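Report on the following structure.
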Amino acid sequence: MDLSKFDYDLPESLVAQEPPEQRGDSRLMVVRLGSDKLEHRCFSDLLNYLNPGDILVVNDTKVLPARLLGKKEDTGAQVEVLLLKRLFGNRWESLVRPGKRLKAGSRVTFGGGLLKCQILDSTDYGGRIVQFFYEGSFEEVLDRVGVMPLPPYIKKPLLDRRRYQTIYARQAGSAAAPTAGLHFSHQLLGRIAAMGVNVATVLLHVGLGTFRPVEVEDIRRHHMHAEYYEIPEPSVAAIEKARARGGKVIAVGTTTTRCLESASGDGGSVRSGSGWTDIFIYPGYRFKAIDGLITNFHLPKSTLLMMVSALAGREKILRAYREAIRENYRFYSFGDAMLII
C-alpha cells in the first residue's frame, strides 16, 4: 500500500498551537462506521454517544519532562537530548541534536551541572545510548532541568506543563502525551461514570514511534519502534464484564488501541500482563479488542492516520479530514477530537 495514499494538505493556520482555555472546550467530529454521515458536535456531547454498560479505556502514562537542553563539556556547544526509553539503571535510549556533535564518548552537562551524561553508543536508527550522572533522585532532577517534549509543529511555549498531561496520568515514562486524553476534565469523567459507563486504565509509554516518520513508499515495510505496555487484571475484568452485558469498548487514543490490540486474541479477549509491542495497524487489519475510538486529527502520512484509516476506511477518513479543514477544525496534539463509532 502506497504512502502517498495517506497524504493531505493542511493549512498551517489550523495546527493548534496551544490547548483550549478549559479541558473539553473542543469540537468533536463523529464518524459512523456504518454510515457516510459526519456529525459536528462539542466534545462534551460525547455523553450522547455512550450508553450504560459501555467502557472507556484510557492510557494513564505520564509524560516525562524529557527534553534536555545542555552544553558539550569540551566545547560549550549547545545540544539537545530527548529521552525515549529507560534501558536499565541510568542508561537511556535517546534522540540527540545535532547528531554530529554527539559521538560516543561525548559528555554533556544540563542545568548548570545538576545533571550530566556521557554518550555511550549509537542505535541503528540514529539515536544514542546515554548514561546519566546526578545526585539524589533522577525524577526530581529531571523535573528541575527538563522541558516538556512538545512536538516540533508546536511553536508557542507551553505556559502550564500540566496541560500536556492527562488528568489521570499516573506512571512517568512517556516522551509524548496520549493526546486524545487531554480533552477529559474531572467533571466530564464524573458525568460519564454517573451514567453507568465504566473507565478502565492501561499503560503504554509513548516512545520513538511518535517521532519517527514513515520513509518507505510501501508502508508494509515500515517497522514500528517497540513501546512498553501494561494491562492490569482489574481492567481486563472490567472489559469482559462490559462485553458480557453487550457494552461497547471505546479506546481513548491510538496508544490505548495499540495496547489493547497487542494483547488480544482472535476472539477479542484481552490478556493482562506487560510487555513490549511493535504492532503496526494499517488498512487490512481486523480489530479484535475495540468497538470505537476517540482520537485527534493526525499528521499526513503518519502511522496514526493509517490506524484510524484501518478502523473507518481510508477514503472515509480522508473525506472527514477534508471536511474538518473546510470547517476550520484545529489539528494535532492540542486540536479537536474525532469519535469513530
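Label-to-label distance, Leu47 versus Arg107, with points set 7 angstrom from Cα along the beta-carbon direction: 5.9 nm.
Note on the range 67-145: percent of Cα-Cα distances in each 10 Å bin, starting at 0 and stopping at the bin with the largest distance, equals 20, 60, 20, 0. May I ask you to list the aspartates and glutamates whose Cα is less than 15 Å away from that of Lys316, ignoring any residue fewer than eight positions away on the same chain? Within the straight-line cut-off, Lys316 pairs with Asp7, Asp36, Glu39. Note that the range 260-341 carries a Kirkwood radius of 13.9 Å, evaluated over its alpha carbons pair by pair.
Measuring between alpha carbons in the structure, the pairs from Lys5/Lys62; Lys85/Lys156; Lys71/Lys155; Lys100/Lys155 lying more than 31 angstrom apart are Lys5/Lys62. Of all DSSP-defined beta bridges confined to the chain, some 70% are antiparallel rather than parallel. Here is what passes the span test in the chain: the DSSP H helices with alpha carbon length of 15 Å or more along the helix axis and a Kyte-Doolittle mean of -0.5 or above are 233-244.
Across the range 67-145, C-alpha contacts under 8 Å between residues 6 or more apart give a mean separation that, scaled by the residue count, equals a relative contact order of 25 percent. For the pair Glu233 and Glu139, the difference between a 0.36 nm per residue extended length and the Cα-Cα distance amounts to 31.1 nm. Taking each residue as 0.36 nm, the span from Thr75 to Glu315 lengthens on full extension beyond its C-alpha to C-alpha distance by 81.2 nm. Expressed as a fraction of 2.2 N^0.38 Å, the value expected for a compact globular protein of N residues, the C-alpha radius of gyration of the range 141-225 is 1.37.
Under 20 Å of direct C-alpha separation, and excluding same-chain neighbours fewer than eight residues apart, Lys116 reaches these aspartates and glutamates: Glu73, Asp74, Glu80, Glu93, Glu135, Glu139, Glu140, Asp143. Amide H contacts under 5 Å for Thr201: Val58, restricted to partners 5 or more places along the chain or on a different chain, H placed in the peptide plane at 1.01 Å from N. Contact order, relative form, for the chain: 25 percent (alpha carbon pairs under 8 Å, 6 or more residues apart, mean separation divided by residue count).
Fully extending the segment from Lys241 to Arg67 would add 58.6 nm, taking 0.36 nm per residue of separation and subtracting the current Cα-Cα distance.
Read-outs throughout are calculated quantities, based only on the coordinates presented, and are distinct from any laboratory measurement. For clarity, every value in this text was computed on a predicted model and none was experimentally measured. Neighbour counts run over all protein chains shown; Cβ positions are idealised from the backbone, glycine included.
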